[in-house]
Amino acid sequence: MASVHESLYFNPMMTNGVVHANVFGIKDWVTPYKIAVLVLLNEMGRTGEGAVSLMERRRLNQLLLPLLQGPDITLSKLYKLIEESCPQLANSVQIRIKLMAEGELKDMEQFFDDLTDSFSGTEPEVHKTSVVGLFLRHMILAYSKLSFSQVFKLYTALQQYFQNGEKKTVEDTDMELTNREEGERKMEKEELDVSIREEEVSCSGPLSQKQAEFFLSQQASLLKNDETKALTPASLQKELNNLLKFNPDFAEAHYLSYLNNLRVQDVFSSTHSLLHYFDRLILTGAESKSNGEEGYGRSLRYAALNLAALHCRFGHYQQAELALQEAIRIAQESNDHVCLQHCLSWLYVLGQKRSDSYVLLEHSVKKAVHFGLPYLASLGIQSLVQQRAFAGKTANKLMDALKDSDLLHWKHSLSELIDISIAQKTAIWRLYGRSTMALQQAQMLLSMNSLESVNAGVQQNNTESFAVALCHLAELHAEQGCFAAASEVLKHLKERFPPNSQHAQLWMLCDQKIQFDRAMNDGKYHLADSLVTGITALNSIEGVYRKAIVLQAQNQMSEAHKLLQKLLIHCQKIRNTEMVISVLLSVAELYWRSSSPTIALPVLLQALALSKEYRLQYLASETVLNLAFAQLILGIPEQALSLLHMAIEPILADGAVLDKGRAMFLVAKCQVASAASYDPPKKAEGRDSLKQCKTTPTHGVHLLAKDSCSGNKRLSVETETVIGVLMLKNLKFERLYM
């Protein structure tokens, strides 16, 4: 915040160059920027109703609040904002400030004397208790308390502020003349709500209490809802350090510093800021004033609880457990049931891998409902639904539970949890292999977020739920072979969530997985191998699994088998059933590629049993396809066909386009293998169908899908072979059938 204001020793925060501890005891003080705002208010009062249109008056009124609450900005920037709302008034303000700055000290004195006339008369221009009226009264009072030397320094600062603004205006005018079109595009992007930008904050002086509170609240809201519009981590930390330089005991600034350090995963600085926040909260007595004698203990137990949450976020589970035990002990001594409920929720998070963790969760939900904590109750229900989904419960029971959770959200207006609930429904449908339902839920979430606006014009569409939904959309498009559409979704994700944002890892992993799958489908194993490192950095389990797939594709069977066995043991230990089934399928594929299909059968049956037990329909269908292929290799194509007719319907309905092509081609191969047992009339009928399929291949695909779903086996060998090959050619997966 280096500016001319740092030299103003009339600032009530400083006496003989020493900063007072209670900086914000003074509500406001006069600065050159605030004098410019006072000139704007005075000109608005002097301008008649006919001189300014109704639309311009409305834009000016919308502009006033951020000008009064926000930090000081440059004079040229202020001119631009006023000119966008009312060009005529901007010219009057510029002339008035110029006359005052180029005149004498008595002109500024006369200006403040005239401000009191705004409250005089039977119908005053400004009401004393209005927002503008309170601002005027604060400025008049702060100016009247200044000594003569302080008034002279204020006038000198006003002259310097005007000169800097004039230089900036001249530079901007020259730039507009050289590149008018580019200037117009930039002007269109300017926002009327005056959100705090780096260039505005950097030119502002020490903030008053209201300005500091507005700055902190706005930045905290942006970090939560739209991180891209907040200051960068380095710039925000610089402003917070300058703010704390004038008031080291400003607790809220320490907490915002804690949130800012979390963005860059700085565990040391975030812990340091969090502890300072609670230390300052106790020292200032803010908690004691609002909570009596319990304020001191309340700060201690919530400090321990937040420290446990911080350690849990960074994966320091032992330290988190110790801090949580301390929070529970202090909360029990104080009989604080609300704090105990939060501790119980975090106990579940720390112990959710244990088999009895659902008991803690159910108890937490019941207690949260009992003590009237809808937010905790809803989070508990959604965590319980997630756990039951991994345990293999039916989808209808899970959706009924989420419906009860949604009732709590709508009843208590918990919009953030509504988004989380819809994102979780999307993930559950994808887990169960219902891509159509997942697509519908993801689009519903995106539509809802686009309709809900937050303060300062921020759209609440940059939350984690929004990122999860977009990642699901990108993966669903990639599964259907629409890589261009998936690339557009990922491009949008990169714009919404820059690499330094806290949710950027979601789209990074999604992007790496899509690139890996595409490289494997194209047979570019060296490219896929280079992507494994990035996937491992984001998700170690996924990275090891993809590495094994690459080794298997490169015919390094022994290395792939060792890696898959280690991964299988680890996933069974942490109860990652979905990955266990995927590993089993890869192990089975490794066996039959090694000419050992009989060994693959028990592995596939184990995978099928797990898929059925946990109701993972799509993985079960994929396992059945692998079983059918194993039976085809063993020379029993008739049984393979009967299995395929069981599994092909879910694949055609919700499967990826590659899996659809594989399934159709496998049906054709089984028909080819069993053609020896066909009667001559059926072969003749097959030739007629073949002619029709060659002329209208889409009609042949329709016939195959129809007959496969109905169990009709009348289609001939040649027809199904042509259909499978046509589909795979359209998908450009030549390596699957050559």
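The one condition from (1) open to solvent by 20 Å² or more (accessible area, probe 1.4 Å); (2) out of contact with any Asp or Glu (no Cβ under 8 Å at 6 or more places or on another chain); (3) farther than 22 Å from Leu658 by Cα; (4) assigned to a helix (DSSP H, G or I) that Thr536 does not meet is (2).
When only residues in region 205-221 that are among the aliphatic types (A, V, I, L, M) and modelled with pLDDT under 85 count, which is nearest to Gln502 (Cα to Cα)? Among those residues, the one meeting the criterion is Ala212.
Looking only at region 613-628, decide whether some residue is modelled with pLDDT of 85 or more, surrounded by 15 or more Cβ atoms within 10 Å (Cβ to Cβ), more than 41 Å from the chain's Cα centre (by Cα) and farther than 20 Å from Gly481 by Cα.
The answer is yes, given that some residue of region 613-628 is modelled with pLDDT of 85 or more, surrounded by 15 or more Cβ atoms within 10 Å (Cβ to Cβ), more than 41 Å from the chain's Cα centre (by Cα) and farther than 20 Å from Gly481 by Cα.
Residues in region 132-152 that are small (Gly, Ala, Ser) and more than 41 Å from the chain's Cα centre (by Cα): Ala142, Ser144, Ser147, Ser149. Cβ separations smaller than 6 Å between residues 6+ apart or across chains give the following pairs from region 595-623 residues that are more than 17 Å from Ala663 (Cα to Cα) to residues that are of a type outside the set (Phe, Trp, Tyr) and open to solvent by 40 Å² or more (accessible area, probe 1.4 Å): Pro597/Ile633; Pro597/Leu634. On the stretch given as region 346-371, residues that are open to solvent by 30 Å² or more (accessible area, probe 1.4 Å), of a type outside the set (A, V, I, L, M, F, W, C), in a helix (DSSP H, G or I) and within 30 Å of Arg434 (Cβ to Cβ) total 2.
Against the test of being part of a helix (DSSP H, G or I), open to solvent by less than 10 Å² (accessible area, probe 1.4 Å) and farther than 26 Å from Leu476 by Cα, the options Ala668, Ala663 yield a single qualifying residue, Ala668. Can you find, within region 310-339, the residue that is nearest to Phe268 (Cα to Cα) among those that are of a type in the set (A, V, I, L, M) and crowded, with 18+ Cβ neighbours inside 10 Å? This residue is Leu310. In this entry, Glu43 is excluded by the filter for residues that are charged (D, E, K, R), modelled with pLDDT of 85 or more, farther than 30 Å from Lys238 by Cα and out of contact with any strand residue (DSSP E or B) (no Cβ under 7 Å at 6 or more places or on another chain). Each residue in region 52-82 was checked for being among the charged types (D, E, K, R) and touching a Cys at 6+ places or on another chain (Cβ under 6 Å), and 1 of them qualify. Can you tell me which residues in region 496-510 are in contact (Cβ under 8 Å) with a residue 24 or more places away in the chain and either of a type in the set (A, V, I, L, M, F, W, C) or open to solvent by 20 Å² or more (accessible area, probe 1.4 Å) (or both)? Residues satisfying the conditions are Arg496, Phe497, Pro498, Asn500, Gln502, His503, Gln505, Leu506, Trp507, Met508, Leu509, Cys510. When region 259-277 is filtered for residues that are within 15 Å of Leu305 (Cα to Cα) and of a type in the set (A, V, I, L, M), the ones remaining, listed by number, are Leu274, Leu275.
Within region 78-89, being assigned to a helix (DSSP H, G or I) and either at pLDDT 85 or above or open to solvent by less than 10 Å² (accessible area, probe 1.4 Å) (or both) holds for Leu78, Tyr79, Lys80, Leu81, Ile82, Glu83, Glu84, Ser85, Leu89.
One residue is enough: does region 549-572 have a residue meeting the conditions under 29 Å from Asn261 (Cα atoms) and free of Cβ contacts under 8 Å to residues at least 40 places away in the same chain? Scanning region 549-572 turns up no residue that is under 29 Å from Asn261 (Cα atoms) and free of Cβ contacts under 8 Å to residues at least 40 places away in the same chain.
Filter region 372-428 down to the residues that are free of Cβ contacts under 8 Å to residues at least 40 places away in the same chain, closer than 23 Å to Leu360 by Cβ and not in a helix (DSSP H, G or I), then identify the one that is most open to solvent (accessible area, probe 1.4 Å). It comes out as Gly372.
Scanning for something open to solvent by 20 Å² or more (accessible area, probe 1.4 Å), of a type in the set (A, V, I, L, M, F, W, C) and either in contact with a strand residue (DSSP E or B) (Cβ under 9 Å, 6 or more places away or on another chain) or in a helix (DSSP H, G or I) (or both), does region 29-38 turn up at least one residue? Checking region 29-38: not a single residue is open to solvent by 20 Å² or more (accessible area, probe 1.4 Å), of a type in the set (A, V, I, L, M, F, W, C) and either in contact with a strand residue (DSSP E or B) (Cβ under 9 Å, 6 or more places away or on another chain) or in a helix (DSSP H, G or I) (or both).
Determine if region 351-361 includes at least one residue that is of a type in the set (A, V, I, L, M) and either closer than 20 Å to Leu310 by Cβ or at pLDDT 85 or above (or both).
Within region 351-361, none of the residues are of a type in the set (A, V, I, L, M) and either closer than 20 Å to Leu310 by Cβ or at pLDDT 85 or above (or both).
Considered as a group, the residues in region 641-659 that are of a type in the set (Gly, Ala, Ser) and closer than 13 Å to Thr436 by Cα include one that is most open to solvent (accessible area, probe 1.4 Å), and that residue is Ala653. Considering only residues in region 633-657 that are over 47 Å from the mean Cα position of the chain (by Cα) and assigned to a helix (DSSP H, G or I), the one that is nearest to Trp592 (Cα to Cα) turns out to be Ile633.
I'd like to check something: does region 590-601 contain any residue that is charged (D, E, K, R), at pLDDT 90 or above and part of a helix (DSSP H, G or I)? So far as region 590-601 goes, no, none of its residues is charged (D, E, K, R), at pLDDT 90 or above and part of a helix (DSSP H, G or I). Only a single item in (1) in contact (Cβ under 8 Å) with a residue 60 or more places away in the chain; (2) not in a helix (DSSP H, G or I) is not met by Glu578, and it is number (2).
The values are calculated or read from the model by the stated rules, or taken from the named source; none is laboratory data. As the structure is a prediction and not an experimental result, all values here were calculated from the model. Backbone-built Cβ (ideal geometry, glycine too); neighbour counts: all protein chains shown. Just the protein is used for accessible areas: all its heavy atoms, side chains included, with ligands, DNA and RNA removed. Shrake-Rupley method; radii C 1.70, N 1.55, O 1.52, S 1.80 Å.
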